[in-house]
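This report concerns only the one structure given below.
The values are calculated or read from the model by the stated rules, or taken from the named source; none is laboratory data. What you are looking at is a predicted structure, and each value in this text was computed from that prediction instead of being measured. Virtual Cβ from ideal backbone geometry, glycine too; neighbours counted across all protein chains shown. For the accessible areas, the whole protein counts, side chains as well, though only heavy atoms, and no ligand, DNA or RNA atoms are used. Shrake-Rupley method; radii C 1.70, N 1.55, O 1.52, S 1.80 Å.
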Amino acid sequence: SAQNRLLIKGGRVVNDDMMQDADVYIEDGIIKQVGTNLHTPGGTKVIEAKGHLVMPGGIDTHTHMQLPFMGTAAIDDFYSGTRAALAGGTTMIMDFALPQRGESLIEAYHRWRTWADPKVCCDYALHVGVTWWSDKVAQEMEELAQELGVNSFKMFMAYKDTWQLGDSDLLESFKKCKEIGALAQVHAENGDAIKENSKKLMSLGITGPEGHELSRPEEVEAEATNRACVLANQVGCPLYVVHVMSKSAADVVSSQRKKGHIVFGEPIAASLGTDGTHYWHKCWRHAAAHVMGPPLRPDSSTPKYLMDLLANGDLQTTGTDNCTFTAAQKALGKDDFTKIPNGVNGVEDRMSVIWEKGVVAGKMDPCRFVAVTSTNAAKIFNIYPKKGRIAAGSDADIVVWNPHATRVISAKTHNQAVDFNIFEGMEVHGIAEYVVCHGRVVVEEGEIRAISGMGKFVSTPTHSPHVYGRVEERDRANAPQKVDRAPYDGPVAKLNGQIPVHEGGITPVHQETFYTRGPTRCGGLNLHDSSFHVSGAQANDKSPKRPSVKVNNPPGGRTSGSFW
């Protein structure tokens with residue numbers, strides 16, 4: 001029918017690898033033609049896009065809609081959150097199903113599907129959290145990947161005593177991800193250090209939002225990022241570091257990529273658009289509204305630094321970590337910063353903030369903008385070119401972008417349910433004048449026409465070529481090789497059967513055992529050994545004590561009297 005046909009005419013089509021002046025014809029939710037002088041059926045609805053950019057709809061790789069967290073739940077649910085996403089030009093989100101410790105991953109997945117399916121206004125996919133480890137978890141990861149459309153699993157290195165995994169469990173989860181062709185994700189912060197720092201700060205009377213950043217400084221994020229990269233590389237598992245918030249963590253991702261490690265970094269709208277100086281704001285509500293984990297960094301040059309790395313390919317995708325709480329919810333931690341619910345907004349403003357700080361600032365061109373807001377995510381999570389591209393056969397998820405229009409971001413005018421906006425007062429160029437989702441116009445000149453439940457769940461297949469395309473050959477090229485040599489046929493030392501040999505061949509030294517080296521070839525005492533120990537029993541403890549002798553004129557002179 002005519003209502004299922006749409007022609008976007010006269011615009012400049014932008015993909016991650018090219019720009020061209022072309023029309024786009026859509027039918028039944030699918031792009032059918034891209035080019036000039038297209039032949040279209042009569043009655044087709046036309047959008048005049050002259051002077052505008054026609055780009056793939058944005059993909060927000062990191063959201064938490066209606067997440068139960070820290071005793072409350074995020075105020076933006078799957079309806080208000082996805083409706084706001086469309087208003088800003090994002091046509092797909094990727095949320096997280098996060099089971100509690102000991103809970104079934106599959107049960108958590110189905111609970112999130114139950115929450116999302118009737119509400120979403122745009123398409124969505126799910127990552128699943130691995131918040132504990134057992135053989136059952138490993139089996140459920142396999143089922144989620146093979147049967148339920150999940151190709152990414154998130155491990156937490158923070159939130160001790162709730163979601164945090166130790167290094168041994170991280171290694172096991174990385175091994176399982178590689179086995180099933182999934183992408184391992186990490187929240188990279190050292191949870192043990194954070195817990196210790198929090199105790200110290202509270203004991204000093206630092207209870208406000210500034211304590212949040214002080215308890216989890218930049219090096220705590222960088223250390224965990226490096227540890228995750230090292231552990232993942234040891235088992236050959238591709239790694240995706242979510243919400244990169246600091247220069248030093250971004251440098252770790254960049255340096256590991258230069259070494260050939262398969263690792264991806266995701267800065268978010270918050271880390272690209274603002275900084276952590278807000279934690280020292282005199283207004284508690286203002287400061288608490290910026291609390292998120294990892295925190296924004298007080299170094300005001302951080303956003304520009306991260307944008308440079310994003311523009312140059314050292315970082316790859318952009319999310320928001322959109323997890324919103326009202327002022328009243330944040331006030332749960334009014335006397336204790338560790339109880340302030342972590343989370344900020346961003347799903348509505350991500351595209352405009354990145355356009356302003358990236359393209360308008362001269363750091364990236366429109367093609368790179370499309371890459372970091374849409375196409376790279378589609379490739380990494382294996383939904384390209386269904387998503388992330390304007391081409392015949394791709395889904396008709398499109399934003400008609402006015403690069404010259406401006407708006408001022410404010411909580412008074414945004415479409416999210418939360419009562420604060422961390423980008424308050426920021427003037428941005430770039431507005432999603434029209435947004436097309438599933439071939440339907442859902443935003444037209446500022447008017448949102450989204451319908452609850454019109455979005456669909458998008459399965460993300462395993463073994464993404466963009467992630468796993470070189471893993472097999474890389475493993476083969478880097479495989480350790482055995483050295484072929486003649487067998488050893490010399491003498492072998494005999495060990496004392498009464499002294500156990502522990503792992504690594506180390507013989508423990510007992511309290512009364514002093515000589516651990518064998519005798520010389522002639523049978524004499526090995527003079528390289530020592531009978532001296534700083535503490536405990538000594539070699540001469542059982543020898544009779546000599547009577548004390550006072551020497552009146554010791555060598556070198558007496559110690560009393562004049563030296564001269």
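Counting only DSSP beta bridges with both residues in the chain, tell me the antiparallel percent, nearest 5.
50
With +1 on the Cβ of every Lys and Arg and -1 on the Cβ of every Asp and Glu, and nothing else charged, how large is the dipole of the chain about its Cα centre, in debye rounded to the nearest 20?
1600
Over all alpha-carbon pairs in the chain, figure out the percentage whose distance exceeds 47 Å.
Above the 47 Å cut-off, the chain has 26 percent of its Cα pairs.
Using only the heavy atoms of the protein chains and a 1.4 Å probe, how would R12, R113, R350 rank by accessible area, largest first?
Descending order: R12, R113, R350.
Accessible area per residue of the chain at 1.4 Å probe, in Å²?
With the other protein chains kept in place, the chain gives 46 Å² per residue.
Lysines near K379 by alpha-carbon distance under 25 Å, same-chain residues fewer than 8 away left out - which ones?
K32, K154, K175, K176, K178, K258, K259, K357, K363, K387, K456
Rounded to the nearest 10 Å², what accessible area does I180 show when all protein chains are kept and the probe is 1.4 Å?
Its heavy atoms expose roughly 10 Å² to the probe.
What figure, in Å² to the nearest 10, do you get for the accessible area of V34 with a 1.4 Å probe and non-protein molecules left out?
Accessible area of V34: about 50 Å².
Taking a 1.4 Å probe, which of Y488, Y384, Y279 shows the most accessible area, and what order do the others take after it?
Listed by decreasing accessible area, they come as Y488, Y384, Y279.
Find the centroid of the Cα atoms in the range 202-273 and in the range 319-375, then give the distance between the two in whole Å.
After rounding, the separation between the Cα centres reads 17 Å.
Quick check: residue separation of E427 and N312 times 0.36 nm, minus the Cα distance between them. What number comes out in nm?
Result: 38.9 nm gained on full extension.
Net charge within 13 Å of V230 by Cβ-Cβ distance, Lys/Arg positive one each and Asp/Glu negative one each, not counting V230 itself?
Summing Lys and Arg as +1 and Asp and Glu as -1 gives 0.
What nm distance separates the two modelled labels at K482 and H463, each placed 7 Å from Cα along Cα→Cβ?
With each label point 7 Å from Cα toward Cβ, the separation is 2.8 nm.
Probe radius 1.4 Å, ligands and nucleic acids left out: which of H281, H52, H127, H404 has the largest accessible area, and how do the rest follow?
Output order, biggest surface exposure first: H404, H281, H52, H127.
If the label point is 7 Å along Cα→Cβ of V471, which residues in the range 263-292 have backbone nitrogen under 17 Å from it?
Residues passing the 17 Å test: 263-265.
Calculated from DSSP H runs of 4 or more alone, at -39500 (n - 2.57) each and per residue, what is the 222 nm mean residue ellipticity of the chain, nearest 500?
-7500 deg cm²/dmol
Relative contact order for the range 378-464: what is it in percent, counting Cα pairs under 8 Å that are at least 6 residues apart?
30
I want the local charge near D321. Using Cβ-Cβ distances under 15 Å, sum +1 for each Lys or Arg and -1 for each Asp or Glu among the other residues.
Neighbour charge sum, excluding D321 itself: -4.
Leaving out ligands, DNA and RNA, what percent of the accessible area of the chain is carbon and sulfur, probe 1.4 Å?
The computed percentage sits at 51.
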